[in-house]
Amino acid sequence: MVPDALRAASAVSGLAWGAAAVAVATDRPHTPGARRRLLRGVAVVSGVGTLVNLASPSLPERLLWVPVAAGTCVLAWRVAGRAGGVTAASAARAG
């Protein structure tokens, strides 16, 4: 059974990741600087998540979440570098 404190932290984390996903998918925030900061924040948190998951004693957790967190880190950082001109919607329309 998961302790209540970890359950609460997981719920807050889920809401934060959901909000970040909605913001990126809907091209918000609209200003390039704010968008860049959001994406850099996602990249940093994902990078920390990669390290934390690498330290996990659980093999399934390492096998699943290390690549997901690392991929999110790299992709968010790369997109943040282009935040002034490329958005999720414009990238999807471009094919």
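The values are calculated or read from the model by the stated rules, or taken from the named source; none is laboratory data. If you're wondering where the values come from, they're calculated on a predicted model, not measured in any experiment. Cβ coordinates were reconstructed from backbone atoms using ideal geometry, including for glycine residues, and neighbour counts include every protein chain displayed. Quick note on the areas: whole protein, heavy atoms, side chains included, nothing else; ligands and nucleic acids left out. Shrake-Rupley method; radii C 1.70, N 1.55, O 1.52, S 1.80 Å.
Give me the number: length gained by fully extending Leu64 to Ala34, i.e. 0.36 nm times residue separation minus the C-alpha to C-alpha distance, one decimal in nm.
So the extension gain works out to 7.8 nm.
Over 16 Å, how big is the tail of the calculated P(r) for the chain, in percent of all Cα pairs?
Counting pairs separated by more than 16 Å, the tail of P(r) holds 61 percent.
Counting pairs of alpha carbon atoms under 8 Å apart in space and at least six apart in sequence, what relative contact order in percent does the chain give?
Relative CO of the chain lands at 35 percent.
Which residue, Thr50, Val68, Leu38, has the largest displacement toward the positive end of the dipole of the chain when charges sit on each Cβ (Lys, Arg +1; Asp, Glu -1)?
Value computed over the given set: Leu38.
With a 1.4 Å probe and every protein chain left in place, work out the accessible area per residue of the chain in Å², rounded to a whole number.
Heavy-atom SASA per residue in the chain reads 67 Å².
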